[in-house]
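Readers should treat all values here as calculations from the given coordinates under stated rules, not as data from a laboratory. Small disclaimer: the values here were computed from a predicted structure and weren't measured. FYI the Cβ positions are ideal-geometry reconstructions off the backbone, even for glycines, and counts take in every protein chain you see.
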Amino acid sequence: MNKKICMLNFNRLFFLSIIASSVILGCAEKGEQSTANPWQQAEQIKAAITVPEFPDTTFNIADYGAVEGGETKNTEAFRKAIAAAHEAGGGKVLVPEGTFLTGAIHLQSNVNLHLAEGATILFSRDPADYLPVVFTRWEGMELMNYSPFIYANGEENIAITGNGTLDGNATLEHWWPWKGDKEDGWEEGMPNQDADRDSLHQMNADQVPPEERIFGEGHYLRPNFVQFYNSKNILVSGVTLVRSPMWNIHPVLSENITIDGIRIETLGPNNDGIDPESSKNVLITNTYFDTGDDCIAIKSGRNQDGRRIGVPSENIVIENSVMKDGHGGIVMGSEISGGVRNVFARNLQMDSPNLDRVLRIKTSSRRGGTTENIYLKDIEVGQYKEAAIRANMFYEPPGDFMPTIRNIVVENLQVEDGGEYGILIEAYEESPVANLKVINSSINGVETPTKINHAIGLHFENFQINGTAVTP
């Protein structure tokens, strides 16, 4: 395509995204909902998200010394192939059929890590293979820690594609016991994350420079599986993720992200599926979640770090996906001090006795931050455990930063067999949940239809719980 035409198209899409954000944010500043069609705004956001393209050049890791079979570490072969592709101006780093053991993989700009059918990247269980430490985030706090298994920092035009498998190799004997819970394999006398987690919290509270918050060797904060830090133009497509050490896909301070047609099947501790954090213009589509924690958890930093950096997660479209086990289907928080806004989720199927909630917002006055403009539509739920819609401002002990939750619209939510609550709201009297609308929806099989503490602007239209119309 003519370069000038491409630039004109890019400018037009960027202009549309600015219009969409301006309409929403102008209302958000006043604490009001936009009168524009939110789903038109979702389409404008989708149109502004472009999928990266790569030169048609292939760099097979086997040509750089990789040996399949799952016994030989191929970290250097991955490094060489990625460097060669990057230095050549970009291309596909091919993982052929077979199982390839490796330590950390660091992506570089213009590189597509492509897994062929039948290919598995098996990650080492040796923590030393994720050193030296890198600049990262752990539960919303900046630090120097073990490298995520696949990591990029300050890169653009990067991808992980193909029909192969990313195997984090975590089990009840490896990585998961660091959580410190007996159900995850920990036993008395074994090391765990508790002291390190407390130390990092204190460093965050004291605002120790992140470069001086050094963990890694001798410490027990599990690395994330895939993390894109301060990067843009990102694609993850087709792959399956299993046995993650902690969070699965974690974009931080990143933008223009497409996650399409992947499967996340990992039930370990804190095995969130996808956690966009302080990131914008994100599309998650055609994805299957069966996770040991939240399926999708949208975040923006914890406490002092979240407020210092002050970057919200925004303009996130989630669609055409299936969610099974998990603490929540669509979740905001709890690391949410920078705020979350403009989230659109539609055409989702959820069903599991181990799925706790459909929509969950978890925050506290220790977090602060504003969560606003959240839209759900066409959600089919077979079974859930606790609440279809839950907003909780008391997720952690109180502090001095009052959170705000406002402007939530749920349309055509259909639940066959609900759990303990239909709607559960726990908010401060001085900061009630504002402008929750539930329209054309039905929840059946619920023990307690609603438990609402401190909410204003409730609007229920053609909404039934257990066959009875719900009124504010």
From the helices alone, meaning DSSP H stretches of at least four residues, give me the mean residue ellipticity at 222 nm for the chain, per-run term -39500 (n - 2.57), in deg cm²/dmol to the nearest 500.
-5000 deg cm²/dmol
Which GluC sites (Glu not before Pro) does the range 382-472 hold that lie in a coil by DSSP with at most 16 other beta carbons within 10 Å?
Glu420, Glu429, Glu430, Glu447
How would Ser237, Ser337 line up from fewest to most surrounding beta-carbon atoms within 10 angstrom?
Ser237, Ser337
If neighbour count is taken as other Cβ atoms inside 10 Å, put Lys385, Lys73 in order from fewest to most.
Lys385, Lys73
For the range 302-378, using Cα atoms only, the Rg and Dmax in Å read 13.4, 39
Expected sort for Val95, Val470 with the fewest Cβ neighbours (10 Å cutoff) up front is Val470, Val95
Would you work out the Kirkwood radius for the chain? I mean one over the mean of 1/r across all pairs of different Cα atoms, in Å.
22.7 Å
Using DSSP to define loop residues, name the GluC sites (Glu not before Pro) in the range 155-185 whose beta-carbon has at most 16 other beta-carbon atoms within 10 Å.
Glu173
Rounding to the nearest 10 and keeping the result within 0 to 90°, find how far the Cα-based axis of helix 75-87 lies from the longest principal axis of the chain.
80 degrees
Determine the sum of side-chain charges near Glu255: Lys and Arg each +1, Asp and Glu each -1, restricted to other residues whose C-beta is under 11 angstrom from that of Glu255.
0
Cα centroid separation - the range 199-232 against the range 344-405, whole Å
26 Å
What relative contact order, as a whole-number percentage, does the range 286-382 give when Cα pairs under 8 Å and 6 or more residues apart are counted?
31 percent
